[in-house]
1. Would you point out which residue out of VAL56, VAL64 is surrounded by 13 or more Cβ atoms within 10 Å (Cβ to Cβ) and of a type in the set (Val, Ile, Thr)?
2. Condition test on GLN79, is it in a loop (DSSP other than H, G, I, E, B), at pLDDT below 95 and not acidic (Asp, Glu)?
3. Check whether at least one residue in segment 20-33 is surrounded by 11 or more Cβ atoms within 10 Å (Cβ to Cβ), assigned to a loop (DSSP other than H, G, I, E, B) and of a type in the set (A, V, I, L, M), and report yes or no.
4. Which condition number does ALA85 fail, the rest of (1) outside any loop (DSSP other than H, G, I, E, B); (2) of a type in the set (A, V, I, L, M, F, W, C); (3) within 25 Å of the chain's Cα centre (by Cα) being met?
5. Here's a check for you: in segment 1-46, which residue that is in contact with an Asp or Glu (Cβ under 8 Å, 6 or more places away or on another chain) and of a type outside the set (Phe, Trp, Tyr) is nearest to LEU59 (Cα to Cα)?
6. Checking SER5 against (1) in contact with a Phe, Trp or Tyr (Cβ under 7 Å, 6 or more places away or on another chain); (2) without any contact (Cβ under 8 Å) to a residue 12 or more places away in the chain, which test does it fail?
Amino acid sequence: MASLSADERETVVNMDDGSPWAYVTTWQSSVITKLSKIPSAQLVESLTFGTTRGAVFKLPAKLVSFRRERQSRPLDSRQRQAAGARMAHARKARAHA
């Protein structure tokens with residue numbers, strides 16, 4: 001039996017409003033490694049398909065978050081100068097704390 005192709009190695013997150021748990025089924029080795037390092041993530045099942053390794057993890061749903069991309073806005077020279085002054089003030093205040 002062959003291994004899964006790159007397009008077939010996926011991660012699926014299952015959670016609902018009625019349970020405090022999230023179940024993550026993954027065939028991606030990087031995700032398996034990351035979840036294995038989280039103390040509250042419990043390995044429920046180890047999976048294999050040919051030579052591809054997969055896993056199912058159970059973890060508190062509150063640990064699952066979806067983030068949006070950081071957005072940067074262009075600053076004109078006056079705004080850039082003001083931001084630099086605020087940063088200098090904050091660094092100075094932190095150094096004296």
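The values are calculated or read from the model by the stated rules, or taken from the named source; none is laboratory data. The model shown is predicted, which means the values in this text are computed figures rather than measured ones. Heads up, the Cβs are rebuilt from the backbone with ideal geometry, glycines too, and the neighbour counts pull from every protein chain shown.
1. Details: VAL64 fails: surrounded by 13 or more Cβ atoms within 10 Å (Cβ to Cβ).
Exactly one residue qualifies, and that residue is VAL56.
2. Numbers: in a loop (DSSP other than H, G, I, E, B): no; at pLDDT below 95: yes; not acidic (Asp, Glu): yes.
Answer is no for this residue.
3. Filtering segment 20-33 for residues surrounded by 11 or more Cβ atoms within 10 Å (Cβ to Cβ) gives 21-29, 31-32.
Right, trim to assigned to a loop (DSSP other than H, G, I, E, B) and you get 27-28.
Okay, now just the ones that are also of a type in the set (A, V, I, L, M), so none.
No: segment 20-33 contains no residue that is surrounded by 11 or more Cβ atoms within 10 Å (Cβ to Cβ), assigned to a loop (DSSP other than H, G, I, E, B) and of a type in the set (A, V, I, L, M).
4. (3)
5. Step one: list which residues in segment 1-46 are in contact with an Asp or Glu (Cβ under 8 Å, 6 or more places away or on another chain), which gives 26-28.
Pick out the ones that are also of a type outside the set (Phe, Trp, Tyr) and you get 26, 28.
Details: THR26: 13, GLN28: 17 Å.
Here the residue is THR26.
6. Of the numbered conditions (1) in contact with a Phe, Trp or Tyr (Cβ under 7 Å, 6 or more places away or on another chain); (2) without any contact (Cβ under 8 Å) to a residue 12 or more places away in the chain, the odd one out for SER5 is (1).
Matching residues to (1) more than 15 Å from the chain's Cα centre (by Cα); (2) within 15 Å of ARG9 (Cβ to Cβ):
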position	(1), (2)
GLN28	no, yes
ILE32	no, yes
LYS37	no, no
VAL44	yes, no
ALA61	no, no
PHE66	no, no
GLN81	yes, no
ALA93	yes, no
HIS96	yes, no
